[in-house]
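Trainee: Take a look at this one; I'll ask things after.
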Amino acid sequence: MPHQDDYANQAALVSPEWAKDHLDDPNVRFIEVDVDTAAYDQGHLPGAVGWNWTSQLADGIRRDVASREDLQALLRKSGIGPDTHVALYGDNNNWFAAWAYWQLKNAGWDKVSLVNGGRKYWLDNGLPLTTDAPTHAETDLELPPKDAGLRAFRDDILPRIGEAGFALVDVRSPAEFSGEVIAPAGMTETAQRGGHIPSAQSIPWAQAVREDGTFKSTDELRALYEPKGITPDKDVIAYCRIGERSSHSWFVLKELLGYPRVRNYDGSWTEWGSMVGMPIEKGAAQQAG
């Protein structure tokens, strides 16, 4: 993988130029995951497979991420074998591409990267697109049997609120954090109450990317997190509304900055803000002391 800045995990991120040079590489499978599930059909990277986050990366019955069995079946159907490198990209600066990345990493799949800049950079720079649907032979891939412990649950958070050595990152908008709004306009997944988890720091996910959709430098990213007490010596949990934006911030903290203990709470505000008796704070973000 090409060197990009001085990110901790160089294999986690590939440049758009690298992606262009590997469009015909049989050992690389490009996967597009968009918020707008119709975007893929309007044009995608040649050979790329489209994954639908609503039906393929989430449980169809209960509120949950895709099971290990479903993820394995999806990888097989996408023509991904044991030696295939998965390169994920998508709209909204890789929101749901990062969600897919986090799910794959938690399932023990390490041959995976994000394409820096995502769909936005690709479109803005006139890179190759097609509307042709690819055909890839199904494989018999086997995922590792155990997860990587990258997922957090509410009971990982509740007993530790305010504890030294523990940090929460709320990556939603300031209006969501303060409780002014519960969900962004047009979003159907919501909660009974607005606000944020006590002790959480407000660091909106979009502050980690540049105007062109690519990630900021490590120095810029450290300056974003460390002054608010989000430091690599702590156990860090990121959350948002349903877990996709916090996957993006998890990626920044874990893969780009190399924080050793970072998890994503995908239950996020739609769970926390709807449960009876959970502690909630309202009001604007304040600087960590």
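Trainee: Which one of these is β-branched (Val, Ile, Thr), at pLDDT 95 or above and either closer than 24 Å to Arg63 by Cβ or not assigned by TED's automatic domain parsing to the domain that holds Val28 (or both): Thr231, Thr135?
Mentor: Only one candidate qualifies: Thr231.
Trainee: Here is a follow-up. Answer yes or no: is there a residue in segment 225-240 that is farther than 24 Å from Ala107 by Cα and within 16 Å of the chain's Cα centre (by Cα).
Mentor: Checked against the condition, which is being farther than 24 Å from Ala107 by Cα and within 16 Å of the chain's Cα centre (by Cα), segment 225-240 yields no hits at all.
Trainee: Something else: Residues that are at pLDDT 95 or above, closer than 21 Å to Ala137 by Cα and not in a loop (DSSP other than H, G, I, E, B): does segment 92-102 have at least one?
Mentor: The answer is no, given that none of the residues of segment 92-102 is at pLDDT 95 or above, closer than 21 Å to Ala137 by Cα and not in a loop (DSSP other than H, G, I, E, B).
Trainee: Could you list, in sequence order, all residues of segment 30-39 that are touching a Lys or Arg at 6+ places or on another chain (Cβ under 9 Å) and within 20 Å of Val14 (Cβ to Cβ)?
Mentor: Glu32, Asp34 - these are the residues of segment 30-39 that are touching a Lys or Arg at 6+ places or on another chain (Cβ under 9 Å) and within 20 Å of Val14 (Cβ to Cβ).
Trainee: Hey, Thr135 hits all of (1) more than 23 Å from Val169 (Cβ to Cβ); (2) of a type in the set (Val, Ile, Thr); (3) crowded, with 19+ Cβ neighbours inside 10 Å but one; which does it fall short on?
Mentor: Thr135 satisfies every listed condition except (3).
Trainee: Please enumerate the residues belonging to segment 160-202 that are crowded, with 19+ Cβ neighbours inside 10 Å and among the basic types (Lys, Arg).
Mentor: Arg172
Trainee: Then there's this: Name the residues in segment 162-202 that are touching a residue at least 24 places away in the same chain (Cβ under 8 Å), of a type in the set (A, V, I, L, M) and within 16 Å of Gly283 (Cβ to Cβ), would you?
Mentor: Correct list: Leu168, Ile182, Ile197, Ala200.
Trainee: What number of residues within segment 146-200 satisfy the criterion of being of a type in the set (Asp, Glu) and closer than 19 Å to Val276 by Cα?
Mentor: Residues flagged as of a type in the set (Asp, Glu) and closer than 19 Å to Val276 by Cα within segment 146-200 amount to 3.
Trainee: Considering each of Asp140, Asp155 in turn, give the residue that is assigned to a loop (DSSP other than H, G, I, E, B) and either at negative phi or not charged (D, E, K, R) (or both).
Mentor: Within the list Asp140, Asp155, the selection yields Asp140.
Trainee: Of all residues in segment 138-170 being small (Gly, Ala, Ser) and under 20 Å from the mean Cα position of the chain (by Cα), which is modelled with the lowest pLDDT?
Mentor: Ala148
Trainee: Suppose we keep only residues that are in contact (Cβ under 8 Å) with a residue 60 or more places away in the chain and in contact with a Phe, Trp or Tyr (Cβ under 8 Å, 6 or more places away or on another chain) within segment 132-150. Which one would you say is farthest from Asp110 (Cα to Cα)?
Mentor: If we take residues in segment 132-150 being in contact (Cβ under 8 Å) with a residue 60 or more places away in the chain and in contact with a Phe, Trp or Tyr (Cβ under 8 Å, 6 or more places away or on another chain), then Leu150 is farthest from Asp110 (Cα to Cα).
Trainee: May I pose another question? Does segment 233-254 contain at least one residue that is of a type in the set (Gly, Ala, Ser) and surrounded by fewer than 24 Cβ atoms within 10 Å (Cβ to Cβ)?
Mentor: no
Trainee: Given the structure, is Leu23 under 21 Å from Thr214 (Cβ atoms) and aliphatic (A, V, I, L, M)?
Mentor: yes
Trainee: Suppose we filter segment 4-27 for residues that are among the polar types (S, T, N, Q) and in contact (Cβ under 8 Å) with a residue 60 or more places away in the chain; how many remain?
Mentor: Of the residues in that region, 3 qualify.
Trainee: Condition test on Ala208, is it among the aliphatic types (A, V, I, L, M), in contact with a strand residue (DSSP E or B) (Cβ under 7 Å, 6 or more places away or on another chain) and over 21 Å from Phe96 (Cα atoms)?
Mentor: No; evaluated as a whole, the condition is false for this residue.
Trainee: Kindly evaluate Pro26 against the criterion of being touching a Leu at 6+ places or on another chain (Cβ under 7 Å) and over 23 Å from Pro145 (Cα atoms).
Mentor: No, not satisfied.
Trainee: To continue, here is another question. Thr214 versus (1) surrounded by 24 or more Cβ atoms within 10 Å (Cβ to Cβ); (2) at pLDDT 95 or above: which is the lone unmet condition?
Mentor: (1)
Trainee: For segment 207-216, does any single residue satisfy the condition of being within 17 Å of Asn106 (Cα to Cα), among the hydrophobic types (A, V, I, L, M, F, W, C) and under 13 Å from the mean Cα position of the chain (by Cα)?
Mentor: No, the conditions are met nowhere in segment 207-216.
The values are calculated or read from the model by the stated rules, or taken from the named source; none is laboratory data. Owing to the predicted nature of the structure, the values given are computational and were not obtained by experimental measurement. Cβ sites come from the backbone with ideal geometry, for glycine too, and all protein chains shown count toward neighbours.
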